Each structure stands twice: as C-alpha cells, then as structure tokens.
Amino acid sequence: MKKVERINVIMRYINNRAHFTISEIMREFNISRSTAIRDIREIEAMGMPLVAEVGRDGGYFVMNNSVLPTVRFTNNEIKALFIAFMATRNQQLPYLKSRHSLAEKLLGLLSENQQDDLVLLNQILLFEGTNPNNPDLLDLSDLPHPMLEKLIQTLLLDRYLWITINEEQGITSYPIYLLHLYREKNLWMIEGFDLIEEKRQTFSVDNLTHVKPYPAKKRLSKKKVAEKLSKQEEEINLVLELGPKAIAQYKKYHPLKVSISYMDPYQTTAILKTFINVNHQEELAEITNWLLFLGGDIKVREMPKEVLGGLQERLFRYRP
C-alpha cells in the first residue's frame, strides 16, 4: 500500500473510532512504530486535531472544531523523562497500562533524531530490572500486585479504610487510618493506624484481598489519631556513629524508618538514631543483618543488649 493511500485509510480508521492507540495502528496496518508515528504526525499536520488522552488505557481521540496547543520538550527534558522510565522498569509499579500509553505518546512527539538518541541511551544505560538481552524502550512488563491500583484509587478518595488481609492464622479484617503506602525490599507495604487496637500496624499489599472505605460513624478524627500516635512514639534505643565506609553502605540500602544526621560539612561522619522493637524477632533479625552489612566503620553509643547479643552470636558463628 502506498503512503498516501495508507494515510487516507488510517484517517478513515481514526475518524470511525472514539479512541485509538499507536499499538492499534501498528497492528491494524502491519506497520512499524516509527511509521505509525510519522503517519499520525502527517494526519495532524493535515488539520485533524488529535488529543492525547490520559486515563486507564490512554491513547488518542479526535477533538472536533478545536485548535490544540503544541506540546514541546527540550532535548534534556526528553532524556530526563525516558531515563526515569528506564530506571523504573520491572519495579512492580502501579498503572502499567497508563505508563505504556504515556511512553507511546511521548515518543509520538519526538523527531527521528530525538528517537535515535533515546534508542542509543536505552542500549547503553543499564538499571536494576533491565534485561540487557531485550533492550526495548517500551518494555514495561512489571506487573504489580492486582490489589495495588484498587488500594491507591480507594485511598485517594478516603484514607479511612477497611482492609482484609490473608494471614497465617486466617483471613482478618482491620479498620485503619492509612498513614503511608511504601515499597521496601521489593514489597509494597501499608502502614496504618488500627482504629480498634489504636496502634500503628504494618501490612503487606501481597496479602491484601479486599479494601473499602470504613464507615464514617465509627471513625476517630484525624486529630485524635495524631494525638494517640504522638503518645505512642518509641524512645530511641539504638545510637551509632558512622564513618565514611559505613555511610557509603547506608546509602546503598537502609530500612525506611532509619535516617542519619551528618556531623560535619563534608558528610564523612554521621549519627544514626532509631528505635528497635526487641520483642519482634523478625525486626531484630533484620537489624542484625543490616548492622553487619554496614561493616566495621561504626561506633556504638547505645544499643539494646538483644541486638548486641545477636551481633556477637553471628560474628562468633562465622569466625574462621
């Protein structure tokens, strides 16, 4: 099919549909992505106002009797956007379909030279989760837990939630006020204030089976939640001084709730202060492993005897 004929057919295809994507054009007319993008640009240049649609599935639709402003990106802005996409592949992030369509729309705005630059960057730059044997710029195959998007959609409407968790002892429901949704060690976690037990609780999204808003008549006010949390703040029981090697290890990985304060302008020494729940065996084992990961460039100012005992046991066990 000749180019002019193909473009006319594509225009009729677009005009008969309320919505379409670059991928659909590629499949329907058996053409490459770059050809589809060039054809769409030519159709836009002919006066057909195509609107990039942000939503669940993304894509384009035709807006009649409208003049659309041209969106332009600098070369550095384009590189910044796509490097961000590259760095977050296979990270189990939500809204995968929307991220696919967003990448397609961004590519559709670029010149061939700009696209070539991105292809080259994609071949050279490697991040965690990158498959070097299949460096596809649009390879976003990181499916998150199916409940993650529903959780986000619900919490944006209401942070008072009734969540159902599949635990070892069975399925249990908790009414919570959501404090944070965060990702640590490749797992999405829910941190919330339990409205019945009136204490901070943490749950794995992987164990989440249902979520819905919690009835308003049974809620504590946000002010009451904040007051109860402030009274439950744990006293610091672990204080360490970190040297430059330990700081370098800290930057590679550290538990989310653990932070440091630098002691000099050159950031070569730092103080770490946190609370360790010594009655929680999993937390105790994790902090022991992490302190060993920090290495020997630390000075102990304060440490629970349970943590010290765990370190001594581990060091004695692995002594050659």
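Observations, loosely collected:
- Our estimate of slack between S32 and F293, defined as 0.36 nm per intervening residue step minus the Cα-Cα distance, is 89.1 nm.
- Of the residues T269, Q249, Q232, the one whose Cα sits farthest towards the positive end of the charge dipole of region 211-279 is Q232 (charges of +1 on Lys and Arg Cβ, -1 on Asp and Glu Cβ, taken about the Cα centre).
- Given the choices (i) 129; (ii) 233; (iii) 292, volume of the Cα convex hull per residue in Å³ derived from the coordinates of this structure is entry (ii).
- Using alpha-carbon coordinates, inclination of helix 281-294 to the longest axis of the chain, degrees: 80
- In the full protein context, the chain carries 61 Å² of accessible surface per residue, based on a 1.4 Å probe and ignoring ligands, DNA and RNA.
- Expected-Rg normalisation [2.2 N^0.38 Å, Cα atoms] applied to region 173-278: 1.36
- Region 157-259: trypsin sites (Lys or Arg not before Pro) in DSSP loop, at most 14 other beta carbons within 10 Å: K185, K257
- For the chain: relative contact order, % (alpha-carbon pairs under 8 angstrom, 6 or more apart): 10
- Structure note, pairs K223/K257; K223/K273; K79/K252; K231/K305; K218/K273: Cα-Cα distances above 29 angstrom occur for K218/K273.
- Nearby aspartates and glutamates by direct alpha-carbon distance to K3 (threshold 17 angstrom, same-chain neighbours under 8 apart not counted): E28, D39, E42, E44
- Across the accessible surface of the chain, with the other protein chains kept in place and a 1.4 Å probe, carbon and sulfur atoms take up 52 percent.
- Where chymotrypsin sites (Phe, Trp or Tyr not before Pro) in DSSP loops with at most 13 other Cβ within 10 Å are excluded, longest remaining stretch of the chain: 1-126
- Of the GluC sites (Glu not before Pro) in region 187-278, those whose Cβ has at most 15 other Cβ within 10 Å and which sit in DSSP loop: E197, E198, E233, E234, E235
The values are calculated or read from the model by the stated rules, or taken from the named source; none is laboratory data. In this text, all values refer to a predicted model and were calculated from it rather than measured experimentally. Cβ sites come from the backbone with ideal geometry, for glycine too, and all protein chains shown count toward neighbours. Calculation scope for accessible area: heavy atoms of the full protein, side chains included, ligands and nucleic acids excluded. Shrake-Rupley method; radii C 1.70, N 1.55, O 1.52, S 1.80 Å.
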